[in-house]
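Structure provided below as C-alpha cells; questions to follow.
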Amino acid sequence: EFNPGCDWLMVTASTDKTVKLWDIRMVEGRGSALYTLEHHHIINSAYFSSNDHCKLLTTDQHHDIRVYSGPDWGRLDKVIYHPHRFFQHLTPIKASWHPLYDLAVVGRYPDNKSPHHQPGETNTIDILNINTGETVCQLWDRGAPGIKSLNRFSPGGESLASAMGYNILIWQRKEVLQEKQEKLMEKMRGEVSAHLDTPGVARRPRPRPPPGKMAAKIKKKLQDL
C-alpha cells in the first residue's frame, strides 16, 4: 500500500514475518528498504492511517495487532492482543482503519486454547482504540454468526462493510438508519398525498350486493360446509 500523504512511500507485508517500508524512488533490491519491522508471525496486512497518514497498522496470523508511528517508522507504539489466528479455509483476518479517528476494526476468531480466552466469546467485529488498546465496541448479529475476515468503513465512517463467507454485511449507525427511515416515510407520505390530490383519483366505495342476494350467498356457503 502507498501512503496517502506521501506518494513515494510504500509498505509491504510478507510471509517472512516482516513489514517493510520503501522509498520507490530508491529501490535497488531486497536490501534497499527504508525500514524492516520484525514480527513473530506471518503478516496478513499493513495499512497506513487514513486520517493523518502518520501511523501504520499491522495484523499478523495469530494474535498481535501492532501500531507504528512515523516519521521514525521503526518506533513501535502499541501491541494489542486480539484473537484472529490463521485457518487454511478462512480468508486471513485483517485489521483496517476508521477514516476519521484513531480506531481500528477487525474480526474476532476466538481461541479457546489462549490464556486470554473468555467464556462465551463469539465471532464479533471489534472496534479498537489503537491509542489505549481497548475494545470500544463489538458488533454481532445472531443472523450472521460466522467469522468476518474483512471489514471496511465507508469514506465518511457512517457505514461498515464486512465479508463473512459468501455474504457481505452492511452495518450502519442507528442515527443514520433512523434518518433514512424518516426520509423514506416523508417521501411516501408525499407521494400518497399527491396521488389523492390528483383530480379523478378519489377512492370510490365498492358497491355492495342487495341484501337478499347477500343472504342467499351466505346460505349457500353454509350448506357447502
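Condition first: surrounded by 11 or more Cβ atoms within 10 Å (Cβ to Cβ) and either modelled with pLDDT of 90 or more or not in a helix (DSSP H, G or I) (or both). Now tell me which residues in region 169-184 satisfy that.
169, 171, 172, 173
Kindly indicate which of 3, 51 is farther than 30 Å from residue 113 by Cβ, modelled with pLDDT under 95 and not basic (Lys, Arg).
That would be 51, the only listed residue that is farther than 30 Å from residue 113 by Cβ, modelled with pLDDT under 95 and not basic (Lys, Arg).
Oh, and also: Return the residues of region 133-156 that are touching a residue at least 12 places away in the same chain (Cβ under 8 Å) and either among the β-branched types (Val, Ile, Thr) or crowded, with 20+ Cβ neighbours inside 10 Å (or both); say none if nothing qualifies.
136, 147, 148, 149, 151, 153, listed by residue number.
Just to be sure before I move on: is residue 85 charged (D, E, K, R) and modelled with pLDDT under 90 in the structure I sent?
Yes, satisfied.
The values are calculated or read from the model by the stated rules, or taken from the named source; none is laboratory data. Treat the numbers as computed from the prediction; the structure is a model and nothing was measured. Every residue, glycine among them, receives a Cβ derived from its backbone with ideal geometry; neighbour counts consider all protein chains shown.
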